[in-house]
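What follows is calculated from the coordinates using simple rules that are stated; it is not laboratory data. All figures in this text were calculated on a predicted structure; none of them were measured in a lab. Please note: Cβ atoms are built from the backbone with ideal geometry, for glycine as well, and neighbour counts cover all protein chains shown.
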Amino acid sequence: MSRLYDTVEPSVIDDEMLRKAVEEQGPKEEAGKIAKQEGVDYCDVLSLRLDFRNILKVDNLWQFTKLTKLQMDNNIIEKIEGMDALVNLRWLDMSFNNIEMIEGLDKLTKLEDLTLFNNRITRLENMDSLPNLHVLSVGNNKIDQLDNLIYLRRFPNLRTLNLTGNPVCDDQGYKLFAVAYLSHLVYLDFRLIDEDTRQKAHSLYENKLGELMHNEKQAEVAIEAEKKAAQELLKHKDAYVEHLNSSVLFESMYKEDPEGMKLALLPGLQDMLKDFQDKFVEVCMKIFEFGMKEYEKRCKEMREFNTCIQDAEAANKKQAVTVIDAFEEYKKKLFTELLVTSDAEVQERKMNEYHEGVNETWDKLMGLEMQLVDQLEETIKDFERNMTDLMSQLVEYIQGLITQVRDLENSHNEKLLEMCMTVLEKVVKNEMDEELPDDLRMLFVDKDTIVNAIGASHDVHLIKIDNREDEIVTRSGAWLSGHMQKIHADECARNRARVVEITNYIDHLRDEIDTQFMP
Amino acid sequence: MDIIIEDGQEESPDADVEDLKEELEAIQITAEPIIEPIIPTITKEDFSEYPESYKDNTNKEKLILAYVENYRRQYVHLFRDRKPLFLNPLNECGIEKFVCTTLRPTLLSYKALYHWQGCAEFVADYLTMKQLEPPQELPMCLFSPSTILKRQLGNCFDFSNILCSLLLGAGYDAYVVSGYATKEICLADESRQICPLLQPKKEVVKEAEKPEPRKYTVKPPRDLRSKFIIKMEARRKKEAEEEEKKKQQEDEEKIAELEKPPPDALYGLRIHAWVLVRGGKREVPEDFFIEPFTGQSYPPSSTSFLGIESVWNSINYWANMQNCASGCKDMSFDLMDTEKWEYMLAGSDQSQIEIPDVEEELYDLDDDEKENDDEKHLDMPATWVLPICVTKNQYEMRCPQGKKTTLYKKAKLEKYANYLLKDGLVTRLSVYDNNELTDLKKVQEWFENREDKLTTRVHQDGLITEDFVEGRPRSLQQHVYKASNPGPEAERTMTFFHKARVNGLCKREETPTEMTEHFVNRDDFLYLRHVLFGKRQKKVAPATAEGPPRPILKITEKFHRNDALPASKDVEEQIFIIHEDKIQITYHREDPNITASTRDFYKPPNAEEKGGSLQWSNDMTNTFQVNPHGSPAKNLAIYENLLQLIQTEQKSIQAVRSSEEEVKDILMDRQKEELASELAISVYDTERNDKAKKHRKELERLAMEEKLRRQEMEMDYLAPFLAQIGNPDKISKTQAFKLKEDCLADLKQRLIDKANLIQLRFEKETSELHKRQQDYQQKQVAMTKEDEEQYFNYCSEAMFRIHILELRLNRHKQMAPHKYMQLEQKLRQDPRLSVYF
């Protein structure tokens, strides 16, 4: 049970404590000596024990990035915190502390074994990011809600659960409830769940469970569908034609167009509007389809390019590796020969031979690399040219289609104007047989007002269409230049790395013979 | 012939005739030894063992013979210069029989005989060939297949006859062909042919698919060599190749010239019979010949077959009308073509055309006419020969005495029946370097049913290769070793069924100083272990049986890439140089890198003995890191790595030692198996499986005993009463009555006793139940649940028992009078007492 605060001075995790713990728990004997000599990096430590130390607050653990096992039992910790850096943690023991709430575990996605025995926890919560949880021990806590156990259904790998000593255990149906709802469990409260209990629990909660499972399944399906839609949208975005396969663009034109909305109520306009929308959407569909087709084409082109580049690199690598292997073979032979001969002259000659060989190898490797650079450069140029062509084709075609859209809008506008004129005449002559809504009537005051209103609506529409067009053009251009830049940069980095590698290797070869055979 | 000569003698007494007579007599003398060997074989036979059909002709057969005679006359009349046809030879009883009736289509119940290859091989193996005497004349007689199969000896006509019967039975469109062939074919001389087992298999060479030129394939580096020089080089090479080819061809021609058979005086006259299989039935795509002596198939264009006189099967007989000047190459086998083939029985042609039933109905009128036509024609009489039957034993023995030797060009093939030889040998092929078969080059042996799973053994160039099938302990698949040194630590290669082995070993190659093991699909990604052994140091130790193991100088282990580890931590090759106390590690290459990190360890001598307390010093390791900017490994990690490697080294040494042991064990096993050479007998093989036989015998014996026991069981119901009166030989009337009375009384008593017994039990059960019921009623309140349950259980059981007893009693009551009556009846009919009743 938790101790009183004032009995012992609470301590803090500081560097000294950590160093001591690491040293104590680290390697022993000769290895320990070595470790002491050169010091142990915290980032290399795999397991750490900080128990019985009166720690109040978890802190200063950010360096232990490789830690897989952490024991902090029998302290006076009140809050789970400061462990966001321990992403590789699999085993966490915080039993016999004063924790009141499960929290701060979001980053520990690899956690498999969590022990919070003997704390003051009241609810099971905030563990959504721990899908690998295998063992959970929360005995001797203050969990009192039976329904709270349903929370644990989200852990498909949970096999062992310990809840003894919680108020919830006093409930008569606790055991059967747990077994029924957590069907993957193998051990509950230190005991193997036998087949009998399982059957009983299942029959008891069959109906409720069925409903729950149905709901869960539905939720799952919904999430799946959403995911799929999001993926599809992403693809459309990559093709720059998102939402063009529906009437979104058309609707957006009227959304920010109060005059248009008002005018739409004009009698007889509905049909015209409908016709306009149909035509509009049809062209949009064309744009969409073309965009998607082009997108597929682009993807294919890129795939082709990538495989070719990879093939070329692999072939080049193979050649280089054969060169190196041949030299290594020669080196081995030479070294054994050098070890045998004691004649200084022969040694001298052999050494010279070796150095020449090293130079030759360097020449060969660099030659290969230069050859690859040339080849890739040419290919990349080809690719860039083709991609630019593809993109300009896409933009031109889409622009053509958008012109059609604009024409549609223009003709619609003209028709609307004509119609409004007739209506205005009627209104002026008071021959209007139908009542117009008030705000619409306000527009039909005189010719200027109505013309202005229609013009404003038309402008809004045109701006929308222009914006969409600009978006496509700029986005596609940006993507192309970005992508090409990346290809160039990658190639550059590759070349640098290879040259460094070759130089490093050659240096090593030169050093090797010196260190081995120079007095 | 004799008759004619005799006639001549009587009718012309002139001097000319005398001369003629003398001349003719001279001929007679030369002719005699030819005819004689045939006639005695017939006359010597005891005909009694043959059925009637062999000794006589039915009316229909006589009719057909007359028909045949007519056909022959016409044929002779029309083609005076042609040789006689093989139509009605004598059978074993000296009776003329038409050749078509000697065929008997038969399908034997052996799987292999359902295909022509199996049939041909069986006939070729089962019979011993006898050549025609003289080779240019038709034989006088043709025996029935059953006789031939019994004698296992026959000429080409006998062979073809049986083979054709089997093929017809299996549904092939087969015919016996009488014609002319080369000497080699007629004598079944295959010594100029390549053994079929040695013929190189046609390998379907798959052309490596050229990768399609991709859009962005990089251009190859520019070729800076002189085009002219390359061209000249290629030309020179080509010329040299052609020269070589030409020379080779010339050599081949020379050899072929040398190997050509000597010219045959009887070329084109040698009579032979073989089998023609026509395409169309049983998925045979086109016509081909089967040579019955060897069982080989030939295309009709083969130059070995020189001409055809006639063909027949069990339905009809056709004489060839085509010119055979160029062999059978251009011959048409369309037997319906009356220009080319002259049939004998017109009616049976219809059997060749299958008219669907529907059409027959439609053209009812036509049909009637046809039927009338049919009736006019004579159809083939039923065959006179006994059914062909081959027992399982005969089938398995195959060749006479189960052995057969065939000579081929530079090769000898010996065949043995299964289980004939003690070591399970079934086939042995010896290949020689010369035509005289003295210079042995290669021996290949096939085995069957070996307990040690050995299937083939090849002895060639001083190397012995043994192949095994799956199922051996240690999963050995193939073993190649030197014949001169079969012991351990010698040159050898063992291949294993790696899937059946725990350590995934698939191959182990050995020389006296090296051992290489290849592995497949191991969890630790090891795929190769190479060991270099040193020479044994000579010690003056007491001579043990084996001596110390060879010292290991170096162990090299290679690993595949383990994707779970980063490449710089994943070992590709580790070399333990044991005599230098050195360990060399090479890691895998990271994907774009061309160099691999390496690390060398120099461990202090005898490090493994000190265990973990190894002193560390910085000069114990030497490393090359691919990435110069990466942080160097910590000494601690290196130290731990070293400790682990020292352990690995020990494990590897262990593995090598156990491999050596395994080799020794396998060799020992092999030696034992070779000595024992036991044959496995299938559990289904009732003939050979002694255990099963014994078991069956035992079962039969038991059944027999049971039967006897039953007989005894039917006891004499009068015995005890007869014993009472001292078993008299004769029973008087009073005695008989008394016996009857006693016997019946006894039965009555027993029946009553039984009824009483049942009643007694019934009462006991009822009272017990009653008691328990009372008990229950008294203590009902104080009873626990379990007690109550027990009580109810008891009640239901007791009720059940009572019910059964009741039923039994009723049944007994019903049956008792019957039984009584039955006994009385029996007693009345008893032979001992019946006199008095």
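Beyond 19 Å between alpha-carbons counts as too far, so tell me which of B:Lys740/B:Lys819; A:Lys227/A:Lys255; B:Lys422/B:Lys672 fall in that bin.
Details: B:Lys740/B:Lys819 15 Å; A:Lys227/A:Lys255 28 Å; B:Lys422/B:Lys672 15 Å.
Violating the 19 Å Cα-Cα cut-off are A:Lys227/A:Lys255.
Ignoring lysines fewer than eight residues from B:Lys55 along the same chain, the ones with Cα atoms less than 30 angstrom from its Cα are B:Lys44, B:Lys83, B:Lys97, B:Lys130, B:Lys150, B:Lys376, B:Lys392. For B:Leu526, the residues whose amide H sits under 5 Å from its own are B:His560, ignoring neighbours fewer than 5 places away on the same chain, with H placed 1.01 Å from N. Taking the Cα atoms of chain B, the ratio Rg/Rh between the radius of gyration and the Kirkwood radius comes to 1.17.
Counting only other chain Cβ atoms within 10 Å of each residue's Cβ, the peptide B:588-595 averages 6.
Counting only Cα atoms, the size of region B:700-837 along its three principal axes is 76, 45, 25 Å, in decreasing order. Label sites at B:Glu661 and B:Glu250, each approximated as a point 7 angstrom past Cα along Cα to Cβ, lie 6.4 nm apart. Whole-percent P(r), region A:248-517, all Cα pairs, 5 Å bins from 0: 1, 5, 9, 11, 8, 7, 6, 6, 5, 5, 5, 4, 4, 4, 4, 3, 3, 3, 2, 2, 1, 1, 1, 0, 0, 0.
When only the Cβ of Lys, Arg, Asp and Glu is charged (+1, +1, -1, -1), the dipole of chain B relative to its Cα centre reaches about 6100 debye. In chain A, taking the dipole from charged Cβ atoms about the Cα centre, the farthest positive-side position among A:Leu130, A:Val451, A:Gln399 is held by A:Leu130. Comparing A:Leu249, A:Met370, A:Ala478 along the charge dipole axis of region A:248-517, the residue lying farthest to the positive side is A:Met370, per the Cβ-charge model. Find the percent of Cα-Cα distances in region B:635-742 that exceed 16 Å, and round it to a whole number. Result: 81 percent of Cα pairs exceed 16 Å.
Are there GluC sites (Glu not before Pro) in region A:469-519 that DSSP marks as loop and that have at most 12 other Cβ atoms within 10 Å, and which are they? Spell out each step's value before the answer.
Numbers: sites: A:Glu469, A:Glu471, A:Glu491, A:Glu501, A:Glu512; in loops: none.
Listed in order of number, the matching sites amount to none.
Using the Kirkwood radius over C-alpha pairs as Rh, can you work out the diffusion coefficient of the protein assembly as shown via Stokes-Einstein at 4 °C, viscosity 1.567 mPa s, in µm² per second? Estimated diffusion coefficient is 27 µm²/s.
Run the helix sum for chain B: -39,500 (n - 2.57) per DSSP H stretch of 4+ residues, divided by residue count, reported at 222 nm to the nearest 500 deg cm²/dmol. Could you put the intermediate results ahead of the total?
Values: 20 runs with 328 residues, N = 837.
After summing the helix terms and dividing by residue count, I get -13000 deg cm²/dmol.
Please report the net charge: other residues with Cβ closer than 13 Å to the Cβ of A:Gln218, K and R +1, D and E -1. Could the numbers behind the result be given before it?
On the way: positive: A:Lys217; negative: A:Glu211, A:Glu216, A:Glu220, A:Glu224, A:Glu226.
The answer is -4.
Each residue, B:Ser332 and B:Asn435, gets one label point 7 Å from its Cα in the Cβ direction; the gap between the two is 4.1 nm. Helix hunt in chain A: which complete DSSP H runs extend at least 20 Å axially by C-alpha with mean Kyte-Doolittle at least 0.0? Correct list, ordered by number: empty. FRET efficiency for the A:Glu431 to A:Trp479 pair, using the beta carbon distance and R₀ = 51 Å, is estimated at 0.35. Using every pair of distinct Cα positions in region B:163-313, the Kirkwood expression returns a hydrodynamic radius of 20.9 angstrom.
Just add up the charged neighbours of A:Val241: K/R +1, D/E -1, any other residue whose Cβ is under 14 Å from the Cβ of A:Val241. Kindly include the intermediate steps, with their values, before the conclusion.
Details: positive: A:Lys235, A:Lys237, A:Lys286, A:Lys293, A:Lys297, A:Arg298, A:Arg468, A:Arg475; negative: A:Glu232, A:Asp238, A:Glu242, A:Glu289, A:Glu294, A:Glu296, A:Glu469, A:Glu471.
Charge balance near A:Val241 sits at 0.
Evaluated on region A:4-223, the Kirkwood hydrodynamic radius is 19.1 Å, with distances taken between all distinct Cα atoms. Modelled spin-label separation between B:Thr405 and A:Ala314, with each label point placed 7 Å from Cα along the Cα-to-Cβ direction: 5.9 nm. Eigen-decomposition of the gyration tensor built on the alpha-carbon atoms of region A:145-282 gives equivalent ellipsoid semi-axes of 57, 17, 13 angstrom, largest listed first. Here the gap between A:Lys200 and A:Ile463, fully extended at 0.36 nm per residue and compared with their Cα-Cα distance, gives a gain of 87.8 nm.
Checking every one of the chymotrypsin sites (Phe, Trp or Tyr not before Pro) in region B:622-699 against DSSP loop status and a limit of 10 other Cβ atoms within 10 Å picks out B:Tyr684. Over the Cα atoms of chain A, the radius of gyration divided by the Kirkwood radius equals 1.16; this is the Rg/Rh ratio.
When the charge dipole of the protein assembly as shown is built from unit charges on Cβ atoms (+1 for Lys and Arg, -1 for Asp and Glu) and taken about the Cα centre, the candidate among B:Leu675, B:Pro285, B:Tyr432 whose Cα reaches farthest toward its positive end is B:Leu675. Mean per-residue shielding of peptide B:217-223 is 6, counting Cβ atoms of other chains within 10 Å of each Cβ. Averaged over the residues of peptide A:309-316, the number of Cβ atoms from other protein chains lying within 10 Å of each residue's Cβ is 3.
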